[in-house]
Structures are given as C-alpha cells and as structure tokens.
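The values are calculated or read from the model by the stated rules, or taken from the named source; none is laboratory data. Everything numeric in this text was worked out from a predicted model, so none of it was measured. No Cβ is skipped: glycine too gets one built from the backbone with ideal geometry, and neighbour counts run over all protein chains shown.
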Amino acid sequence: MKTFGDTARINGSGAFAMRITISDGPLGVSWQHASETCEFLGDVFALHHAKQGADYNEARHSIVYLVNELLENAIKFRVPGTISVDCSLHQGNFELTVSNDTEAEVASRFQALIEEITSRDPGELLIERIEANAADENSSGSGLGLLTLMNDYGARLGWDFRSSATGGAVMLSTHAALTLN
C-alpha cells in the first residue's frame, strides 16, 4: 500500500455519517451520477450543519464542490465496478472518502501528480497550472480541481493505493476533510 497526503480522519462513531455505493448497471455510471450525488449530499450535510447555527448556503457550496470534484475523478479514471462514497460530519468537520478501482498505469501517473501537488505550495502551483492550461487547450490531468480544493477551500487531501481484489487493478481511496464555518 502507498499513502500520500493527509489520510488521518477525526470524525468518530458519533458523527453524522452516510455511505453511498454507485454500481455499474445496465446504463453504466455517468457524469450525471456525480452531479446528482453531490447535490444530494450537499443538501443533506448542509441541512444537518445548519441545525448547529451554521450558514447553509456556504456549507452546501463547499460540500457540493468537494464531492463533485472527487466523484468526477473517480468516474473518469475508474475501471468498471463499484464506487463508494463515505461522508461524515462532526462539529463542523466534514470528511469524505471516495473509493474506486483504477488501472495500474493510471494509478502510477496519478501518484506522480500527487507527489508534485503535495510537495509544493498549492497556491503557486495552481497559478502555474492555470497559465499552462490557458496556453495549451489540449492540456489535461493538471490537477486543477485538487489544487483548487487545497488552495481555495482549505481541503486536507490524502490518497491510499492498494492492490485490488479484482485482478490487476489498483484500489484508490481519496480522502478529504473540510472545516465548515
């Protein structure tokens, strides 16, 4: 197993929590699943957080953006199979883990990207990547979404890579935590 970034989680058994499993079916898994899932989770967790006197709209926006970014990545870079989305909220700490299988080659390229974005200042790297993408319209895999989460939202991100039970695939778990106001 290889681990990168911040994978420590503090929400315990007393946290408000939910697990969603997205499975391949006759229609497959598409971008719509990411959109609908993140909107649902944003509503549920922001409503729960607002009961504690917090700003619903701000919490919902942050949760939706975080879930959407990680779930879209999971859909985009997965091999067929299940995607698990685990969320929890306790005292303003929102935690998310998205797990899916991916090809070994994709995992290797992603690890190289993670090493770069976790070893540099996310704000500086974000500006560099925005400029590079503007100069090259065919640019992809730049990590802009992850850098935006780190820089603009203060997300604490971590990744676990381990051999998957399904052949040569790699099980990728992406962990994220946000402090909601």
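Which residue is surrounded by the most Cβ atoms within 10 Å (Cβ to Cβ), if the candidates are limited to the stretch 23-45 and must be aliphatic (A, V, I, L, M) and free of Cβ contacts under 8 Å to residues at least 40 places away in the same chain?
As a first pass, look at the stretch 23-45 and keep what is aliphatic (A, V, I, L, M): 27, 29, 34, 41, 44.
Next, from what is left, pick out any that are free of Cβ contacts under 8 Å to residues at least 40 places away in the same chain: 27, 44.
Numbers: L27: 8, V44: 16.
Going through the qualifying residues, I end up with V44.
Is it the case that A17 is closer than 17 Å to S99 by Cα and within 15 Å of the chain's Cα centre (by Cα)? No, not satisfied. Taking only the stretch 57-81 into account, find how many residues are surrounded by fewer than 15 Cβ atoms within 10 Å (Cβ to Cβ), free of Cβ contacts under 8 Å to residues at least 60 places away in the same chain and in a helix (DSSP H, G or I). Total satisfying the criteria: 3.
Can you tell me which residue within the stretch 72-103, out of those that are aliphatic (A, V, I, L, M) and at pLDDT below 95, is nearest to V44 (Cα to Cα)?
At the first step, the residues of the stretch 72-103 found to be aliphatic (A, V, I, L, M) are 74-75, 79, 83, 85, 89, 96, 98.
Among the residues that remain, those that are also at pLDDT below 95 are: 74-75, 79, 83.
Values: A74: 21, I75: 22, V79: 29, I83: 20 Å.
Result: I83.
Evaluating G53 against the criteria (1) surrounded by 15 or more Cβ atoms within 10 Å (Cβ to Cβ); (2) at pLDDT below 95 leaves one unmet condition, (1). Give the residue that is farthest from M1 (Cα to Cα), with candidates limited to residues of the stretch 107-124 that are surrounded by 15 or more Cβ atoms within 10 Å (Cβ to Cβ) and in contact (Cβ under 8 Å) with a residue 40 or more places away in the chain. By that ranking, first place goes to T118.
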